[in-house]
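These notes concern the structure reproduced below.
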Amino acid sequence: MVKEEVIKHIDRLPGFSMTVAKVMHLSNDMRASPKDLIHAISLDPVLTAEVLRLINSAYFGMKQAVVSLNRAVILLGVNTIKNVAIGSAVIGAMKMRNSKYFTSDEFWEHSLGVATGSKILSARLGVPAQERDEYFIAGLLHDIGKVIFVQHLADEFARLSDPAYQPGVAKSEVEEKLIGVSHAELGMLIAKKWELPPQLLDTIHDHHSPKFGGGNDQVKAAVHLSDWYCNQSNIGIKGRGGMEMLSPEVWDILKMSENDTGDIFKDLGKLVEDAKVFLKN
Ligand SMILES: [Fe+2]
Ligand SMILES: [Fe+2]
């Protein structure tokens with residue numbers, strides 16, 4: 001019963017601006033060319049300025065200032081530009097509030113940590129540079145469903161987020177028992193409403209208990225491991241280590257072992273600082 005009420009809030013979420021909707025649509029359309037994408041973005045001066053601001057930030061480490069979308073696409077590839085547009089639109093549209101166990105800043109820092117961690121893993125797997133931002137966006141959005149809980153079910157969410165509430169049971173399972181829906185499923189429904197790329201829906205839906213073998217395994221494993229790692233190492237939201245299980249299948253899929261994590265993620269804190277440029281809207 002509660003589930004239906006929660007889902008109604010997703011229906012009421014604002015849609016994206018026409019431009020961003022067009023960008024989403026073009027990114028899902030195999031026949032669309034880079035030219036079509038540049039054209040769609042350039043019709044919206046605010047989005048154009050935002051994309052250029054992000055591309056010129058320390059996060060991308062460009063040696064020279066990039067002043068046009070055409071140049072940005074040549075230097076970074078159409079995928080990166082698409083993902084920068086999606087990332088800035090999503091963060092702009094979802095206003096997170098402070099909740100009892102984490103602030104809005106901590107929430108986004110956790111999201112950026114998982115985004116950046118996933119991108120690091122993609123590079124290690126040899127994913128081509130233009131495709132690594134798929135990992136970043138999947139990580140950035142994995143917990144987006146929590147925004148609905150904090151905005152509309154603040155008391156219930158605070159109650160179940162208490163570490164002392166049903167200790168030993170994963171919080172995502174507690175959400176399902178108490179509210180009837182987990183933040184992972186809500187996140188998937190938000191992504192669906194916004195017509196985000198299909199592989200993102202699956203990764204968001206599965207981020208706590210990934211089911212592998214469906215074709216998206218590396219992205220799913222990267223987000224799942226980065227989420228676990230950020231919780232263990234208190235990047236963003238603090239004190240959540242041990243709340244969710246890590247699926248041991250990730251080590252095979254990501255071609256690494258648990259002993260490698262310290263080395264692989266050694267620069268994560270610094271990179272998250274650079275990635276915070278996404279939050280300054
Ligand atoms: Fe989560
Ligand atoms: Fe998370």
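Each reported figure results from applying straightforward, stated rules to the coordinates on display, with no laboratory input. Note that the coordinates shown come from a computational prediction; the quantities given were computed from them, not determined experimentally. Glycine gets a Cβ as well: all are built from the backbone with ideal geometry, and neighbour counts include every protein chain shown.
Taking into account only those residues within segment 203-251 that are farther than 24 Å from Ser161 by Cα and assigned to a loop (DSSP other than H, G, I, E, B), which is nearest to the chain's Cα centre (by Cα)? Filtering first and then ranking leaves Asn216. Checked against (1) more than 14 Å from the chain's Cα centre (by Cα); (2) of a type in the set (Val, Ile, Thr); (3) in a helix (DSSP H, G or I), Val66 meets all criteria but (3).
Exactly one residue out of Gln130, Gln151 is surrounded by fewer than 22 Cβ atoms within 10 Å (Cβ to Cβ), closer than 23 Å to Phe60 by Cα, in contact (Cβ under 8 Å) with a residue 24 or more places away in the chain and away from ligand 1 (no atom under 13 Å from the Cβ): that is Gln130.
Per the conditions (1) part of a helix (DSSP H, G or I); (2) within 30 Å of Ile253 (Cβ to Cβ); (3) not hydrophobic (A, V, I, L, M, F, W, C), the sole criterion not satisfied by Asp143 is (1).
Filtering segment 161-173 down to residues that are touching a helix residue (DSSP H, G or I) at 6+ places or on another chain (Cβ under 9 Å) and within 15 Å of ligand 2 (Cβ to nearest atom), which residue is nearest to Gly242 (Cα to Cα)? Filtering first and then ranking leaves Lys171. Criterion applied to Leu200, Leu186 was being under 27 Å from Leu54 (Cα atoms) and either within 16 Å of ligand 2 (Cβ to nearest atom) or in a loop (DSSP other than H, G, I, E, B) (or both), and the one residue passing it is Leu200.
For segment 1-38, which positions are of a type in the set (Gly, Ala, Ser) and in contact (Cβ under 8 Å) with a residue 40 or more places away in the chain? Before you say what the answer is, go through the steps one by one.
Looking only at segment 1-38, we keep the residues that are of a type in the set (Gly, Ala, Ser), and these are 15, 17, 21, 27, 32-33.
Across segment 1-38, the qualifying residues are Gly15, Ser17, Ala21, Ser27.
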